[in-house]
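The values are calculated or read from the model by the stated rules, or taken from the named source; none is laboratory data. Computed from a predicted model, the values in this text were never measured in an experiment. In this analysis, Cβ positions are derived from the backbone assuming ideal geometry, glycine residues included, and neighbour counts consider all displayed protein chains. Surface areas here come from the heavy atoms of the whole protein model, side chains and all, with no ligands, DNA or RNA. Shrake-Rupley method; radii C 1.70, N 1.55, O 1.52, S 1.80 Å.
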Amino acid sequence: AQRVTQPEKLLSVFKGAPVELKCNYSYSGSPELFWYVQYSRQRLQLLLRHISRESIKGFTADLNKGETSFHLKKPFAQEEDSAMYYCALRRETSGSRLTFGEGTQLTVNP
Amino acid sequence: EAEVAQSPRYKITEKSQAVAFWCDPISGHATLYWYRQILGQGPELLVQFQDESVVDDSQLPKDRFSAERLKGVDSTLKIQPAELGDSAMYLCASSIQENTEAFFGQGTRLTVV
């Protein structure tokens, strides 16, 4: 079965510092990978998906099939980036089912 | 802006009682999902509907959980009887079709005492 691992439950950085939220997955096929974000008192929302290969709010993520990773990166963190971030995987044969990691709480300090 | 609506926002129920949650997806969205999120964990899919049909309920504890989407629009998730371990956030999401972006509701926070 597929699995998504986010090794850091908590991550704290200072404003302006680079940030990297780690995501590793286990799945032998060709998955689709996503990052979801939940800001305080807001609903869960899609941040980016690997197939779009775009930068959203300054965040990028590259799928590394060799290392089975999909780390989320931003060169200069902002206070408004503080939120809960979830990495998620969808198998190519599973319809719409998303498998989520346990999440990383990012805090950007002033 | 269209949003997925869920009610109630919070529910406290006693063990062995029945509880129900309601979800109204974004208009025109054919696919509807119910996820359960236990504190400290990521969401886990319970059931997925395509219009009024269940397409994935492999993770739904069918001895006590049931879900329906009778007219292919809004949906109800029921637990009977509730157990202490059911305490969690129940999230509803919808998407235009399968494999398109899913939009989530605010969730229903269930506490079983």
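Structure notes:
- In the stretch A:68-100, the residues that give up 20 Å² or more of accessible area when the other protein chains are added, compared with the chain on its own (1.4 Å probe), are A:86, A:90, A:95, A:96, A:97, A:98, A:100.
- The stretch B:40-87 - accessible surface per residue (Å², probe 1.4 Å): 51
- Relative contact order [Cα under 8 Å, 6+ residues apart], chain B, whole percent: 37
- Checking every one of the chymotrypsin sites (Phe, Trp or Tyr not before Pro) in the stretch A:1-79 against DSSP loop status and a limit of 13 other Cβ atoms within 10 Å picks out A:39, A:76.
- All lysines inside 27 Å of residue B:71 as judged from Cα atoms, apart from same-chain residues fewer than 8 positions distant: B:11, B:62
- Within a straight-line Cα-Cα reach of under 30 Å, residue A:73 can be paired with the following lysines, leaving aside sequence neighbours fewer than 8 residues apart in one chain: A:9, A:15, A:22, A:57, A:65.
- For the stretch B:77-84, 3J(HN,Hα) per residue [Karplus equation, 6.51 cos²θ - 1.76 cosθ + 1.60, θ = phi - 60°, Hz, x = Gly/Pro]: 10, 10, 10, 7, x, 6, 10, 4
- Backbone phi angles across the stretch B:49-54, fed through the Karplus curve with coefficients 6.51, -1.76 and 1.60 (θ = phi - 60°), yield HN-Hα couplings of 10, 10, 6, 8, 9, 7 Hz in residue order; Gly and Pro are listed as x.
- Within the stretch B:76-96: backbone nitrogen closer than 15 Å to the residue B:14 label point (7 Å, Cα to C-beta): B:81-84
- Comparing B:40, B:72, B:85 in a Gaussian network model of chain B, where Cα atoms under 10 Å apart are tied by springs, the biggest mean-square fluctuation is seen for B:40.
- Apportionment of accessible area to carbon and sulfur, the stretch A:3-109, percent (1.4 Å): 49
- Accessible area buried by the pairing of B and A, both sides summed with a 1.4 Å probe, works out to roughly 1600 Å².
- Neighbouring partner chain Cβ atoms per residue of A:36-43, average, 10 Å criterion: 2
- Within chain A, longest stretch free of exposed GluC sites (Glu not before Pro) [DSSP loop, at most 11 other beta carbons within 10 Å]: A:1-53
- Reducing the stretch A:1-60 and the stretch B:60-108 to their Cα centroids gives an inter-centroid distance of 24 Å.
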